[in-house]
Amino acid sequence: MEEVSYRHRKVTIVGTGFVGMSYAYALTIKGLVREIGLVNRTRERAEGEAMDLSHGIPFVSPIDIRAGGYELCRDAQIVVIAAGANQAEGETRLDLAKRNVKIVEDIVPKILEHNKNPILLVVSNPVDILTHVVEEISGLPPERVIGSGTVLDTMRFRQLLSEFYNVDARNVHGYVIGEHGDSEVPVWSRVNIAGIPLAEYCKECGQPIEPKMKEIEDDVRNAAYVVIKKKKATYYAIGLAMVRITEAVLLNQQSVLTVGTIIRGEYAIKDVSLSLPCVVGLEGISRILETPLAENEVSALLESAKVLREGLDSVGY
C-alpha cells in the first residue's frame, strides 16, 4: 500500500487547548510526522506550547514543531480542528452546537485559503454536527472530512469488555455506532472475542454478559460526563484516538475505524453525519461498511440519526 514519505508528513492543529495538545504530545511520542503546526486564536499560547513540546524533541524522533497563523496549514496532509468551547459539567454535546458552529464557520475558510485539499480531521464537539458543517462549508469530498466520531467510545466499549472477561482489549472486537453522545449504539450482536461470537464465548467461560450489559452501556455513554465532573475536561484518551486515525491515514493502513462521516444511504440514512465502521487510508474514508445489525440496533441507529438531524436543523444545516 502506498505510504506518504516520512519527510513529507505534516499535521497542523487548529486549537491548542487540552485536546489539541494531548493529541500533539501523543503524536510527537509516536513519531508519525516530521512537522507539527500549531495554530490558536491566542498566538502566544500556541508559541508557548510549541516551545514546551520542542524541549522534549531530543527524547523522540526528529520533528519540527512550529507555532503561527493559518499559513502553517500549507502542505499539511491533515489539518485537525480542535478549537471550540469545552463541554461544561451537566452540558450535553448537542448543547455546544450553536457556539461551536460559529467557530468552525470562521476557521474552515482560513484553512482552505492556504491548503485547497487537506484531510480535515474534526474533534471539536458536538463532533457529529461539526463534521457535517465542516464538510458542507468546505466543499471538500465527503471522504476527506473525518470526524473523530465514536472511535473513543468503541475503545471504551472494548476496554470494559476486556476487563469483565480478563482478556487483552486488543482481542475484543466490537463497535459503538451512531452519535458520539447520548444516543450512541453499542453493537452487541457483532461483538466477538478472538473471533468467537460473544454468546458462544459466554457459554465457554461461564460468564453471561446479560446482567452486565446495561452497566457497560451506561459506563461507555456516560464516561465523558464522569471524567468532566472529576477533572473538568477529557483529553488524553481522545488525543490517543486521534493519533490512531492519523496513523491509519498517513500509513495508508486501510483500517476499519468508527469515524464520523456524512452517511450516503446506509441503513436508509442520508444527509446526516454519524459514525459507522469505515475503511480509512491515505485519501480519507474509502468505504462505509454496512454491517448486519440486530433489529433493535437498526432502530436505535435510526433514532440516533433523527436526534442528530434535529440538531443540524437547530443550527441551520
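The values are calculated or read from the model by the stated rules, or taken from the named source; none is laboratory data. Remember, it's a predicted structure, so these values are computed and weren't measured experimentally. Cβ sites come from the backbone with ideal geometry, for glycine too, and all protein chains shown count toward neighbours.
Of the residues that make up region 112-122, is at least one surrounded by fewer than 21 Cβ atoms within 10 Å (Cβ to Cβ), in a loop (DSSP other than H, G, I, E, B), without any contact (Cβ under 8 Å) to a residue 24 or more places away in the chain and out of contact with any strand residue (DSSP E or B) (no Cβ under 9 Å at 6 or more places or on another chain)?
yes
Suppose we keep only residues that are at pLDDT 95 or above and part of a loop (DSSP other than H, G, I, E, B) within region 293-317. Which one would you say is surrounded by the fewest Cβ atoms within 10 Å (Cβ to Cβ)?
Ala294
Restricting attention to region 251-277, which residues are among the acidic types (Asp, Glu) and either in contact with a His (Cβ under 9 Å, 6 or more places away or on another chain) or buried (at least 20 other Cβ atoms within 10 Å of the Cβ) (or both)? Full working, then the answer.
Of all residues in region 251-277, those among the acidic types (Asp, Glu) come to 266, 271.
Result: Asp271, single match.
Given the structure, is Ile216 within 21 Å of the chain's Cα centre (by Cα), more than 30 Å from Ile78 (Cβ to Cβ) and of a type in the set (A, V, I, L, M)?
Taking the combined requirement at face value, the residue satisfies it.
Which pairs do you get when a residue that is without any contact (Cβ under 8 Å) to a residue 24 or more places away in the chain, found in region 182-196, comes within reach of a residue that is not aliphatic (A, V, I, L, M), reach meaning Cβ atoms under 9 angstrom, with the pair 6+ apart or on two chains?
Qualifying pairs under 9 Å: Asn192/His173; Asn192/Gly174; Asn192/Glu200; Asn192/Tyr201; Gly195/Asn171; Gly195/His173; Ile196/Glu204.
Within 28 Å of Asp106 (Cβ to Cβ), crowded, with 18+ Cβ neighbours inside 10 Å and of a type in the set (Val, Ile, Thr): which single residue out of Val187, Val134, Val220 fits that description?
Details: Val187 fails: within 28 Å of Asp106 (Cβ to Cβ); Val220 fails: within 28 Å of Asp106 (Cβ to Cβ).
That would be Val134, the only listed residue that is within 28 Å of Asp106 (Cβ to Cβ), crowded, with 18+ Cβ neighbours inside 10 Å and of a type in the set (Val, Ile, Thr).
Mind listing just one residue for me: the one in region 284-297 that is under 13 Å from Ser255 (Cβ atoms) and touching a residue at least 60 places away in the same chain (Cβ under 8 Å) and, of those, farthest from the chain's Cα centre (by Cα)? Step through it out loud before you land on a result.
If we filter region 284-297 for residues that are under 13 Å from Ser255 (Cβ atoms), which is where we start, we get 284-287, 289.
When the remaining residues are screened for being touching a residue at least 60 places away in the same chain (Cβ under 8 Å), the result is 284-286.
Numbers: Gly284: 13, Ile285: 13, Ser286: 16 Å.
Here the answer is Ser286.
Output the qualifying pairs, or none if there are none: Cβ atoms under 9 angstrom, residues six or more apart or on different chains, first residue in region 221-234 and closer than 10 Å to Gly181 by Cα, second residue of a type in the set (Lys, Arg) and assigned to a loop (DSSP other than H, G, I, E, B).
Ala224/Arg93
From Arg264, Arg244, grab the single residue that is touching a Pro at 6+ places or on another chain (Cβ under 9 Å), of a type in the set (Lys, Arg) and under 21 Å from Glu179 (Cβ atoms). Step through it out loud before you land on a result.
Working: Arg244 fails: touching a Pro at 6+ places or on another chain (Cβ under 9 Å).
Among Arg264, Arg244, only Arg264 is touching a Pro at 6+ places or on another chain (Cβ under 9 Å), of a type in the set (Lys, Arg) and under 21 Å from Glu179 (Cβ atoms).
So, in region 75-100, of the ones that are closer than 15 Å to Glu136 by Cβ and at pLDDT below 95, which residue ends up surrounded by the fewest Cβ atoms within 10 Å (Cβ to Cβ)?
Within region 75-100, the subset closer than 15 Å to Glu136 by Cβ is 81, 97, 100.
Retained after the next criterion (residues that are at pLDDT below 95): 97, 100.
Values: Ala97: 21, Asn100: 24.
Going through the qualifying residues, I end up with Ala97.
Of the conditions (1) touching a helix residue (DSSP H, G or I) at 6+ places or on another chain (Cβ under 7 Å); (2) acidic (Asp, Glu); (3) surrounded by fewer than 21 Cβ atoms within 10 Å (Cβ to Cβ); (4) in contact (Cβ under 8 Å) with a residue 60 or more places away in the chain, Asp128 clears all except one; give me its number.
Exception for Asp128: condition (3).
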